[in-house]
Amino acid sequence: MAARSVCRAGSAAGRALLWGPRPAAALLTLARKRGAATYAQTLQNIPETQVTTLENGLRVASEESNQPTCTVGVWIEAGSRYEDTKTNGAAFFMEHMAFKGTKKRPGSAFEKEVESLGAHLNGYTSREQTAFYIKALSKDMPKVVELLSDLVQNCALEDSQIEKERGVILQELKEMDSNLADVTFDYLHATAYQGTSLAHTVEGTTENIKRLTRADLASYVDIHFKAPRMVLAAAGGISHRELVDAAKQHFTGAPLTHKGDSVPTLKHCRFTGSEIRARDDALPLAHIALAVEGPGWADPDNVVLNVANAIIGRYDRTFGGGTNQSSKLATLAVKHNLCHSFEPFNTSYSDTGLFGFHFVSDPLSVDDMMFCAQGEWMRLCTSTTESEVTRAKNYLRNAMVAQLDGTTRVCENIGSHLLHYGRRIPLEEWDARISAVDARMVRDVCSKYIYDKCPALAAVGE
(Lines give C-alpha, C1' and ligand atoms only; values in the text may rest on other atoms or scores of the structure.)
Protein backbone atom coordinates (compact mmCIF):
# COMPACT_ATOMS: atom_id res chain seq x y z
CA MET A 1 0.00 0.00 0.00
CA ALA A 2 2.87 2.40 0.78
CA ALA A 3 4.43 1.91 -2.67
CA ARG A 4 1.10 2.55 -4.40
CA SER A 5 0.52 5.71 -2.36
CA VAL A 6 3.93 7.09 -3.31
CA CYS A 7 3.29 6.14 -6.90
CA ARG A 8 -0.02 8.04 -7.04
CA ALA A 9 1.70 11.15 -5.63
CA GLY A 10 4.74 10.88 -7.89
CA SER A 11 5.33 11.44 -11.56
CA ALA A 12 4.47 9.34 -14.56
CA ALA A 13 8.12 8.30 -14.67
CA GLY A 14 7.83 7.04 -11.10
CA ARG A 15 4.78 4.99 -12.04
CA ALA A 16 6.65 3.50 -14.97
CA LEU A 17 9.60 2.51 -12.76
CA LEU A 18 7.43 0.92 -10.09
CA TRP A 19 4.86 -0.82 -12.28
CA GLY A 20 6.48 -1.01 -15.70
CA PRO A 21 4.50 -0.74 -18.95
CA ARG A 22 0.80 -1.48 -18.61
CA PRO A 23 -0.46 -4.45 -20.61
CA ALA A 24 -3.18 -3.93 -23.15
CA ALA A 25 -6.78 -4.20 -21.94
CA ALA A 26 -7.33 -7.25 -24.12
CA LEU A 27 -4.42 -9.04 -22.47
CA LEU A 28 -5.76 -8.21 -18.99
CA THR A 29 -9.16 -9.58 -19.94
CA LEU A 30 -7.57 -12.75 -21.31
CA ALA A 31 -5.53 -13.20 -18.13
CA ARG A 32 -8.63 -12.81 -15.97
CA LYS A 33 -10.52 -15.36 -18.08
CA ARG A 34 -7.64 -17.80 -17.81
CA GLY A 35 -7.53 -17.33 -14.01
CA ALA A 36 -11.28 -17.82 -13.69
CA ALA A 37 -11.17 -20.88 -15.90
CA THR A 38 -8.31 -22.34 -13.86
CA TYR A 39 -10.26 -21.82 -10.63
CA ALA A 40 -13.41 -23.39 -12.12
CA GLN A 41 -11.44 -26.30 -13.52
CA THR A 42 -9.80 -26.82 -10.14
CA LEU A 43 -13.21 -27.23 -8.51
CA GLN A 44 -14.49 -29.52 -11.26
CA ASN A 45 -11.38 -31.70 -11.35
CA ILE A 46 -11.38 -32.61 -7.66
CA PRO A 47 -11.66 -36.42 -7.43
CA GLU A 48 -15.04 -37.77 -6.47
CA THR A 49 -15.54 -38.85 -2.86
CA GLN A 50 -16.55 -42.51 -2.88
CA VAL A 51 -18.67 -43.80 0.01
CA THR A 52 -19.52 -47.39 0.90
CA THR A 53 -21.62 -48.45 3.90
CA LEU A 54 -20.80 -51.85 5.39
CA GLU A 55 -23.43 -54.22 6.76
CA ASN A 56 -22.68 -53.14 10.34
CA GLY A 57 -23.33 -49.48 9.49
CA LEU A 58 -19.71 -48.31 9.20
CA ARG A 59 -19.31 -45.71 6.45
CA VAL A 60 -16.09 -46.00 4.42
CA ALA A 61 -15.25 -42.88 2.41
CA SER A 62 -12.22 -41.90 0.38
CA GLU A 63 -10.79 -39.48 -2.17
CA GLU A 64 -8.16 -41.00 -4.43
CA SER A 65 -5.19 -39.02 -5.76
CA ASN A 66 -1.65 -39.60 -7.00
CA GLN A 67 -0.03 -38.66 -3.69
CA PRO A 68 2.75 -40.96 -2.42
CA THR A 69 1.26 -40.66 1.07
CA CYS A 70 -2.18 -41.12 2.54
CA THR A 71 -4.08 -40.16 5.66
CA VAL A 72 -6.55 -42.66 7.12
CA GLY A 73 -8.68 -41.92 10.15
CA VAL A 74 -11.74 -42.84 12.17
CA TRP A 75 -14.24 -40.09 12.96
CA ILE A 76 -16.67 -40.97 15.74
CA GLU A 77 -19.92 -39.28 16.74
CA ALA A 78 -18.83 -38.89 20.35
CA GLY A 79 -17.65 -36.03 22.53
CA SER A 80 -18.43 -33.99 25.61
CA ARG A 81 -21.99 -33.27 24.42
CA TYR A 82 -22.78 -36.97 24.88
CA GLU A 83 -21.60 -36.94 28.51
CA ASP A 84 -23.49 -36.10 31.68
CA THR A 85 -22.29 -34.16 34.69
CA LYS A 86 -20.71 -37.24 36.28
CA THR A 87 -18.95 -38.56 33.16
CA ASN A 88 -17.83 -35.23 31.66
CA GLY A 89 -14.21 -35.69 30.63
CA ALA A 90 -14.52 -39.36 29.64
CA ALA A 91 -14.08 -38.68 25.91
CA PHE A 92 -10.96 -36.59 26.50
CA PHE A 93 -9.59 -39.24 28.88
CA MET A 94 -10.22 -41.93 26.25
CA GLU A 95 -8.34 -39.90 23.64
CA HIS A 96 -5.29 -40.10 25.93
CA MET A 97 -5.76 -43.80 26.66
CA ALA A 98 -6.17 -44.75 22.99
CA PHE A 99 -2.44 -44.18 22.41
CA LYS A 100 -1.35 -46.18 25.45
CA GLY A 101 -1.67 -49.68 24.12
CA THR A 102 -4.28 -52.21 23.06
CA LYS A 103 -4.98 -55.79 24.08
CA LYS A 104 -2.94 -56.97 21.07
CA ARG A 105 -0.24 -54.31 21.42
CA PRO A 106 0.19 -53.55 25.14
CA GLY A 107 2.04 -50.57 26.57
CA SER A 108 4.18 -48.67 24.11
CA ALA A 109 4.06 -51.45 21.48
CA PHE A 110 1.26 -49.69 19.59
CA GLU A 111 3.14 -46.41 19.20
CA LYS A 112 6.36 -48.24 18.32
CA GLU A 113 4.60 -50.10 15.50
CA VAL A 114 3.26 -46.82 14.13
CA GLU A 115 6.75 -45.33 14.29
CA SER A 116 8.22 -48.37 12.53
CA LEU A 117 6.11 -47.41 9.50
CA GLY A 118 7.49 -43.88 9.60
CA ALA A 119 3.89 -42.81 10.18
CA HIS A 120 2.36 -40.00 12.23
CA LEU A 121 -0.47 -40.75 14.69
CA ASN A 122 -2.77 -38.07 16.07
CA GLY A 123 -6.23 -37.50 17.48
CA TYR A 124 -8.57 -34.92 18.95
CA THR A 125 -11.80 -34.60 20.89
CA SER A 126 -14.43 -31.89 20.49
CA ARG A 127 -17.96 -31.41 21.79
CA GLU A 128 -19.51 -33.64 19.11
CA GLN A 129 -16.61 -35.56 17.57
CA THR A 130 -13.68 -37.78 18.42
CA ALA A 131 -11.08 -38.58 15.78
CA PHE A 132 -7.98 -40.74 15.43
CA TYR A 133 -5.92 -40.62 12.24
CA ILE A 134 -2.60 -41.80 10.84
CA LYS A 135 -0.56 -40.29 8.00
CA ALA A 136 1.65 -42.88 6.29
CA LEU A 137 2.99 -44.05 2.94
CA SER A 138 0.22 -45.09 0.58
CA LYS A 139 1.53 -48.64 0.36
CA ASP A 140 0.98 -49.06 4.11
CA MET A 141 -2.76 -48.23 3.98
CA PRO A 142 -3.96 -51.80 4.83
CA LYS A 143 -1.69 -51.89 7.89
CA VAL A 144 -2.90 -48.46 8.98
CA VAL A 145 -6.52 -49.61 8.79
CA GLU A 146 -5.67 -52.61 10.96
CA LEU A 147 -3.95 -50.38 13.52
CA LEU A 148 -6.94 -48.02 13.70
CA SER A 149 -9.36 -50.90 14.11
CA ASP A 150 -7.25 -52.25 16.96
CA LEU A 151 -7.21 -48.80 18.58
CA VAL A 152 -10.99 -48.30 18.61
CA GLN A 153 -11.98 -51.91 19.37
CA ASN A 154 -9.32 -53.20 21.75
CA CYS A 155 -8.06 -50.34 23.90
CA ALA A 156 -6.30 -52.00 26.83
CA LEU A 157 -7.27 -49.51 29.56
CA GLU A 158 -4.56 -50.83 31.87
CA ASP A 159 -4.92 -49.56 35.45
CA SER A 160 -1.30 -48.40 35.60
CA GLN A 161 -1.68 -46.41 32.37
CA ILE A 162 -4.98 -44.89 33.58
CA GLU A 163 -3.32 -43.56 36.72
CA LYS A 164 -0.37 -42.25 34.72
CA GLU A 165 -2.60 -40.43 32.23
CA ARG A 166 -4.77 -39.12 35.04
CA GLY A 167 -1.77 -37.18 36.29
CA VAL A 168 -0.94 -35.98 32.78
CA ILE A 169 -4.50 -34.71 32.19
CA LEU A 170 -4.63 -32.93 35.56
CA GLN A 171 -1.42 -31.12 34.65
CA GLU A 172 -2.90 -30.22 31.25
CA LEU A 173 -5.97 -28.76 32.95
CA LYS A 174 -3.75 -26.48 35.04
CA GLU A 175 -1.94 -25.31 31.92
CA MET A 176 -5.23 -24.72 30.08
CA ASP A 177 -6.33 -22.30 32.79
CA SER A 178 -3.60 -19.94 31.59
CA ASN A 179 -5.04 -19.86 28.05
CA LEU A 180 -7.58 -17.10 28.66
CA ALA A 181 -9.08 -17.28 25.17
CA ASP A 182 -10.04 -20.95 25.69
CA VAL A 183 -11.27 -20.20 29.21
CA THR A 184 -13.48 -17.41 27.85
CA PHE A 185 -15.06 -19.69 25.23
CA ASP A 186 -15.69 -22.38 27.85
CA TYR A 187 -17.45 -19.75 29.96
CA LEU A 188 -19.43 -18.66 26.90
CA HIS A 189 -20.71 -22.20 26.38
CA ALA A 190 -21.44 -22.52 30.09
CA THR A 191 -23.66 -19.43 30.12
CA ALA A 192 -25.20 -19.82 26.65
CA TYR A 193 -26.18 -23.48 27.18
CA GLN A 194 -26.45 -23.57 30.97
CA GLY A 195 -27.94 -26.75 32.34
CA THR A 196 -27.31 -28.70 29.11
CA SER A 197 -24.51 -30.95 27.86
CA LEU A 198 -23.09 -28.24 25.56
CA ALA A 199 -22.19 -26.31 28.70
CA HIS A 200 -19.60 -29.00 29.52
CA THR A 201 -15.96 -28.40 28.72
CA VAL A 202 -14.32 -30.92 26.41
CA GLU A 203 -11.61 -31.73 28.95
CA GLY A 204 -13.98 -32.23 31.90
CA THR A 205 -13.60 -30.96 35.44
CA THR A 206 -10.69 -31.64 37.76
CA GLU A 207 -13.04 -33.47 40.14
CA ASN A 208 -14.26 -35.77 37.37
CA ILE A 209 -10.77 -36.57 36.09
CA LYS A 210 -9.76 -37.55 39.61
CA ARG A 211 -12.88 -39.71 39.97
CA LEU A 212 -13.29 -41.49 36.60
CA THR A 213 -12.58 -45.22 36.79
CA ARG A 214 -11.68 -47.91 34.31
CA ALA A 215 -15.31 -49.05 34.35
CA ASP A 216 -16.47 -45.53 33.41
CA LEU A 217 -14.11 -45.42 30.44
CA ALA A 218 -15.00 -48.94 29.32
CA SER A 219 -18.70 -48.07 29.49
CA TYR A 220 -18.14 -44.94 27.42
CA VAL A 221 -16.35 -46.93 24.70
CA ASP A 222 -18.99 -49.67 24.76
CA ILE A 223 -21.78 -47.13 24.18
CA HIS A 224 -20.21 -44.75 21.67
CA PHE A 225 -17.50 -46.57 19.71
CA LYS A 226 -19.95 -48.36 17.41
CA ALA A 227 -19.90 -48.83 13.65
CA PRO A 228 -23.06 -46.79 12.81
CA ARG A 229 -21.51 -43.82 14.65
CA MET A 230 -18.19 -44.09 12.80
CA VAL A 231 -16.69 -42.97 9.50
CA LEU A 232 -13.50 -44.55 8.19
CA ALA A 233 -12.09 -41.81 5.95
CA ALA A 234 -9.02 -41.80 3.73
CA ALA A 235 -7.33 -39.46 1.27
CA GLY A 236 -4.23 -39.81 -0.88
CA GLY A 237 -2.70 -42.49 -3.06
CA ILE A 238 -5.08 -45.28 -2.11
CA SER A 239 -7.73 -47.42 -3.80
CA HIS A 240 -11.27 -47.19 -2.48
CA ARG A 241 -11.85 -50.87 -3.19
CA GLU A 242 -8.75 -51.84 -1.20
CA LEU A 243 -9.87 -49.53 1.63
CA VAL A 244 -13.28 -51.19 1.74
CA ASP A 245 -11.69 -54.66 1.70
CA ALA A 246 -9.43 -53.71 4.62
CA ALA A 247 -12.41 -52.26 6.50
CA LYS A 248 -14.44 -55.44 5.97
CA GLN A 249 -11.53 -57.46 7.32
CA HIS A 250 -10.84 -55.40 10.44
CA PHE A 251 -13.94 -53.32 11.30
CA THR A 252 -16.60 -56.04 11.54
CA GLY A 253 -16.00 -57.32 15.07
CA ALA A 254 -18.58 -57.70 17.83
CA PRO A 255 -17.34 -54.62 19.78
CA LEU A 256 -18.62 -52.41 16.96
CA THR A 257 -22.21 -53.68 17.12
CA HIS A 258 -24.89 -51.95 19.19
CA LYS A 259 -26.46 -54.04 21.93
CA GLY A 260 -30.16 -53.67 22.62
CA ASP A 261 -31.25 -50.07 23.16
CA SER A 262 -27.80 -48.66 23.91
CA VAL A 263 -27.87 -46.24 20.97
CA PRO A 264 -27.27 -42.77 22.49
CA THR A 265 -29.53 -39.92 21.44
CA LEU A 266 -28.74 -36.23 21.26
CA LYS A 267 -30.84 -33.94 23.45
CA HIS A 268 -31.57 -30.41 22.25
CA CYS A 269 -29.49 -27.79 24.05
CA ARG A 270 -31.51 -24.63 24.67
CA PHE A 271 -29.69 -21.31 24.17
CA THR A 272 -29.94 -18.82 27.04
CA GLY A 273 -29.10 -15.14 26.71
CA SER A 274 -27.13 -14.43 29.88
CA GLU A 275 -23.67 -13.47 31.04
CA ILE A 276 -20.82 -14.70 33.18
CA ARG A 277 -17.90 -12.58 34.39
CA ALA A 278 -14.69 -13.89 35.97
CA ARG A 279 -13.14 -10.74 37.35
CA ASP A 280 -9.43 -10.65 38.10
CA ASP A 281 -7.92 -7.18 38.54
CA ALA A 282 -4.43 -8.69 38.42
CA LEU A 283 -4.83 -9.52 34.73
CA PRO A 284 -3.56 -6.76 32.43
CA LEU A 285 -6.05 -7.51 29.64
CA ALA A 286 -9.70 -8.49 29.42
CA HIS A 287 -11.02 -11.26 27.17
CA ILE A 288 -14.61 -10.74 26.02
CA ALA A 289 -16.82 -13.07 23.95
CA LEU A 290 -20.34 -12.08 22.86
CA ALA A 291 -22.63 -14.39 20.88
CA VAL A 292 -26.20 -14.90 19.76
CA GLU A 293 -27.64 -18.28 18.87
CA GLY A 294 -26.55 -19.37 15.41
CA PRO A 295 -27.73 -22.14 13.08
CA GLY A 296 -26.80 -25.82 13.13
CA TRP A 297 -24.40 -27.42 10.69
CA ALA A 298 -26.87 -28.18 7.90
CA ASP A 299 -28.63 -24.80 7.88
CA PRO A 300 -27.96 -22.85 4.63
CA ASP A 301 -27.79 -19.62 6.66
CA ASN A 302 -24.28 -20.67 7.72
CA VAL A 303 -22.80 -19.62 4.37
CA VAL A 304 -24.36 -16.15 4.65
CA LEU A 305 -23.15 -15.72 8.23
CA ASN A 306 -19.63 -16.74 7.20
CA VAL A 307 -19.74 -14.05 4.53
CA ALA A 308 -20.88 -11.58 7.20
CA ASN A 309 -17.94 -12.55 9.43
CA ALA A 310 -15.55 -12.09 6.51
CA ILE A 311 -16.93 -8.56 6.10
CA ILE A 312 -16.23 -7.84 9.78
CA GLY A 313 -12.71 -9.22 9.32
CA ARG A 314 -10.15 -9.82 12.03
CA TYR A 315 -7.40 -7.76 13.58
CA ASP A 316 -4.27 -8.09 15.66
CA ARG A 317 -1.80 -5.40 16.61
CA THR A 318 0.93 -7.35 14.86
CA PHE A 319 -0.87 -6.93 11.53
CA GLY A 320 0.35 -4.32 9.07
CA GLY A 321 -1.94 -1.95 7.28
CA GLY A 322 -3.13 0.19 10.16
CA THR A 323 -6.10 2.36 9.24
CA ASN A 324 -5.89 1.22 5.59
CA GLN A 325 -7.44 -2.18 6.25
CA SER A 326 -10.65 -3.11 4.48
CA SER A 327 -12.33 -4.04 7.77
CA LYS A 328 -14.19 -1.02 9.13
CA LEU A 329 -14.01 -2.41 12.66
CA ALA A 330 -10.24 -2.92 12.34
CA THR A 331 -9.88 0.68 11.16
CA LEU A 332 -11.77 1.91 14.23
CA ALA A 333 -9.69 -0.35 16.50
CA VAL A 334 -6.46 1.11 15.16
CA LYS A 335 -7.64 4.71 15.09
CA HIS A 336 -8.96 4.75 18.65
CA ASN A 337 -6.70 2.06 20.19
CA LEU A 338 -9.74 -0.01 21.15
CA CYS A 339 -8.25 -3.50 21.44
CA HIS A 340 -5.21 -5.70 21.02
CA SER A 341 -7.08 -8.16 18.76
CA PHE A 342 -10.56 -9.24 17.69
CA GLU A 343 -12.00 -12.08 15.65
CA PRO A 344 -15.58 -13.07 14.74
CA PHE A 345 -16.67 -16.70 14.94
CA ASN A 346 -19.50 -18.93 13.76
CA THR A 347 -19.36 -22.17 15.74
CA SER A 348 -21.91 -24.77 14.64
CA TYR A 349 -23.25 -27.92 16.27
CA SER A 350 -25.87 -30.43 15.14
CA ASP A 351 -28.91 -28.31 16.01
CA THR A 352 -27.59 -24.96 17.26
CA GLY A 353 -24.57 -22.69 17.14
CA LEU A 354 -22.81 -19.58 18.43
CA PHE A 355 -22.44 -16.56 16.16
CA GLY A 356 -20.38 -13.79 17.70
CA PHE A 357 -17.03 -12.14 18.24
CA HIS A 358 -14.13 -12.32 20.69
CA PHE A 359 -11.74 -9.50 21.51
CA VAL A 360 -8.83 -8.77 23.85
CA SER A 361 -8.70 -5.26 25.24
CA ASP A 362 -7.40 -3.04 28.00
CA PRO A 363 -10.06 -3.04 30.75
CA LEU A 364 -10.72 0.69 30.31
CA SER A 365 -11.43 0.22 26.58
CA VAL A 366 -13.89 -2.67 26.87
CA ASP A 367 -17.06 -0.55 26.72
CA ASP A 368 -15.86 1.40 23.69
CA MET A 369 -14.83 -1.75 21.83
CA MET A 370 -18.13 -3.43 22.67
CA PHE A 371 -20.04 -0.38 21.39
CA CYS A 372 -18.13 -0.38 18.08
CA ALA A 373 -18.44 -4.17 17.61
CA GLN A 374 -22.19 -4.13 18.21
CA GLY A 375 -22.43 -1.15 15.87
CA GLU A 376 -20.73 -3.24 13.18
CA TRP A 377 -23.33 -5.95 13.77
CA MET A 378 -26.14 -3.47 13.25
CA ARG A 379 -24.43 -2.13 10.13
CA LEU A 380 -24.48 -5.67 8.72
CA CYS A 381 -28.25 -5.74 9.32
CA THR A 382 -28.96 -2.39 7.68
CA SER A 383 -26.31 -1.18 5.24
CA THR A 384 -24.08 -3.97 3.93
CA THR A 385 -22.82 -3.10 0.45
CA GLU A 386 -22.27 -5.29 -2.62
CA SER A 387 -18.56 -4.39 -2.75
CA GLU A 388 -18.08 -5.66 0.81
CA VAL A 389 -19.91 -8.87 -0.02
CA THR A 390 -17.78 -9.43 -3.13
CA ARG A 391 -14.57 -9.05 -1.12
CA ALA A 392 -15.85 -11.36 1.62
CA LYS A 393 -16.88 -14.04 -0.89
CA ASN A 394 -13.42 -14.01 -2.44
CA TYR A 395 -11.93 -14.44 1.02
CA LEU A 396 -14.16 -17.47 1.66
CA ARG A 397 -13.26 -18.98 -1.70
CA ASN A 398 -9.58 -18.71 -0.85
CA ALA A 399 -10.16 -20.41 2.50
CA MET A 400 -12.24 -23.10 0.80
CA VAL A 401 -9.61 -23.99 -1.80
CA ALA A 402 -7.01 -24.17 0.99
CA GLN A 403 -8.81 -27.34 2.09
CA LEU A 404 -7.11 -29.07 -0.83
CA ASP A 405 -3.71 -28.60 0.81
CA GLY A 406 -2.53 -32.02 1.97
CA THR A 407 -4.11 -35.42 2.54
CA THR A 408 -4.73 -34.83 6.26
CA ARG A 409 -6.95 -31.78 5.69
CA VAL A 410 -8.87 -33.60 2.95
CA CYS A 411 -9.31 -36.67 5.14
CA GLU A 412 -10.60 -34.58 8.05
CA ASN A 413 -12.95 -32.78 5.69
CA ILE A 414 -14.39 -36.11 4.51
CA GLY A 415 -14.82 -37.57 8.00
CA SER A 416 -16.37 -34.43 9.50
CA HIS A 417 -18.72 -33.87 6.57
CA LEU A 418 -20.14 -37.37 6.70
CA LEU A 419 -20.87 -36.97 10.42
CA HIS A 420 -22.32 -33.45 10.02
CA TYR A 421 -24.16 -33.64 6.71
CA GLY A 422 -24.42 -37.35 5.91
CA ARG A 423 -22.36 -36.72 2.76
CA ARG A 424 -19.30 -34.80 1.63
CA ILE A 425 -20.40 -31.55 0.03
CA PRO A 426 -18.27 -30.91 -3.10
CA LEU A 427 -16.30 -27.67 -3.25
CA GLU A 428 -18.13 -26.82 -6.48
CA GLU A 429 -21.39 -26.85 -4.52
CA TRP A 430 -19.88 -24.70 -1.77
CA ASP A 431 -18.71 -22.24 -4.42
CA ALA A 432 -22.23 -22.06 -5.87
CA ARG A 433 -23.66 -21.35 -2.41
CA ILE A 434 -21.11 -18.59 -1.82
CA SER A 435 -21.77 -17.09 -5.26
CA ALA A 436 -25.52 -16.90 -4.53
CA VAL A 437 -25.01 -14.58 -1.54
CA ASP A 438 -25.68 -10.89 -2.11
CA ALA A 439 -25.92 -7.82 0.12
CA ARG A 440 -29.67 -8.20 0.66
CA MET A 441 -29.20 -11.79 1.87
CA VAL A 442 -26.53 -10.67 4.32
CA ARG A 443 -28.78 -7.93 5.68
CA ASP A 444 -31.80 -10.25 5.98
CA VAL A 445 -29.97 -13.20 7.57
CA CYS A 446 -28.03 -11.00 10.00
CA SER A 447 -31.27 -9.31 11.04
CA LYS A 448 -32.78 -12.76 11.62
CA TYR A 449 -30.06 -13.79 14.06
CA ILE A 450 -28.91 -10.48 15.57
CA TYR A 451 -31.74 -7.96 15.67
CA ASP A 452 -33.72 -7.93 18.93
CA LYS A 453 -31.97 -11.08 20.21
CA CYS A 454 -30.64 -11.53 23.72
CA PRO A 455 -26.93 -12.43 23.51
CA ALA A 456 -24.72 -14.50 25.78
CA LEU A 457 -21.63 -12.80 27.21
CA ALA A 458 -18.47 -14.17 28.81
CA ALA A 459 -15.77 -11.94 30.26
CA VAL A 460 -12.46 -12.89 31.90
CA GLY A 461 -10.27 -10.33 33.63
CA GLU A 462 -12.64 -7.40 33.48
Working only within the range 380-405, note down all residues that are within 20 Å of A131 (Cα to Cα) and without any contact (Cβ under 8 Å) to a residue 40 or more places away in the chain. Q403, D405
Only one of (1) part of a strand (DSSP E or B); (2) at pLDDT below 90 fails for G14. Which number is that? (1)
Look through the range 192-206, keep the residues that are open to solvent by 10 Å² or more (accessible area, probe 1.4 Å) and in a helix (DSSP H, G or I), and return whichever of them is nearest to H358 (Cα to Cα). A199
Within the bounds of the range 236-244, is there any residue that is in contact with a strand residue (DSSP E or B) (Cβ under 7 Å, 6 or more places away or on another chain), under 21 Å from S348 (Cβ atoms), modelled with pLDDT of 95 or more and assigned by the TED database to the domain that holds G57? no
Within the range 380-397, can one find any residue that is under 20 Å from the mean Cα position of the chain (by Cα), open to solvent by less than 50 Å² (accessible area, probe 1.4 Å) and at pLDDT 95 or above? yes
Looking at V401, V437, V410, can you tell me which residue is out of contact with any Phe, Trp or Tyr (no Cβ under 9 Å at 6 or more places or on another chain) and in a helix (DSSP H, G or I)? V410
Scan the range 346-362 and tell me whether some residue there is without any contact (Cβ under 8 Å) to a residue 40 or more places away in the chain and either in the same structural domain as A235 (by the TED database) or not charged (D, E, K, R) (or both). no
Out of everything in the range 359-379 that is open to solvent by 40 Å² or more (accessible area, probe 1.4 Å) and aliphatic (A, V, I, L, M), what residue ends up being nearest to K453 (Cα to Cα)? M378
Just one of I238, I209, I223 is in a helix (DSSP H, G or I) and either within 30 Å of E63 (Cα to Cα) or within 23 Å of the chain's Cα centre (by Cα) (or both); which is it? I223
Among the listed residues E128, E146, E115, E111, which satisfies the condition of being within 24 Å of the chain's Cα centre (by Cα) and among the acidic types (D, E)? E128
Against the conditions (1) of a type in the set (K, R); (2) part of a loop (DSSP other than H, G, I, E, B); (3) surrounded by 15 or more Cβ atoms within 10 Å (Cβ to Cβ), where does R423 fall short? Just the number, please. (3)
Return yes when L173 is surrounded by 14 or more Cβ atoms within 10 Å (Cβ to Cβ), assigned by the TED database to the domain that holds S65, in contact with a helix residue (DSSP H, G or I) (Cβ under 9 Å, 6 or more places away or on another chain) and under 30 Å from T347 (Cβ atoms) and no when it is not. yes
From the set of residues in the range 442-459 that are over 23 Å from the mean Cα position of the chain (by Cα) and open to solvent by less than 70 Å² (accessible area, probe 1.4 Å), which is nearest to F185 (Cα to Cα)? S447
Failed criterion for F359 (all others in (1) at pLDDT 95 or above; (2) under 26 Å from L427 (Cα atoms) hold): (2)
Would you list the helices (runs of 4 or more DSSP H) that sit entirely within the range 54-164 and hold 3 or more residues that are open to solvent by less than 10 Å² (accessible area, probe 1.4 Å)? 90-98, 141-153
Filter the range 98-112 for residues that are in contact with a Gly (Cβ under 6 Å, 6 or more places away or on another chain) and either under 12 Å from E158 (Cα atoms) or outside the structural domain of R214 (by the TED database) (or both) and give the result. G101, G107
For V304, work out the one condition from (1) at pLDDT 90 or above; (2) under 15 Å from L380 (Cβ atoms); (3) open to solvent by 10 Å² or more (accessible area, probe 1.4 Å) it doesn't fulfil. (3)
Evaluate the following for D182: is it part of a helix (DSSP H, G or I), open to solvent by 60 Å² or more (accessible area, probe 1.4 Å) and assigned by the TED database to the domain that holds T85? yes
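The values are calculated or read from the model by the stated rules, or taken from the named source; none is laboratory data. The shown structure was predicted, so the numbers you read here are calculated from the model rather than taken from an experiment. Counting neighbours? That spans all protein chains shown, and the Cβs are built from the backbone with ideal geometry, glycine included. Keep in mind that these areas ignore ligands, DNA and RNA; they rest on the heavy atoms of the full protein, side chains included. Shrake-Rupley method; radii C 1.70, N 1.55, O 1.52, S 1.80 Å.
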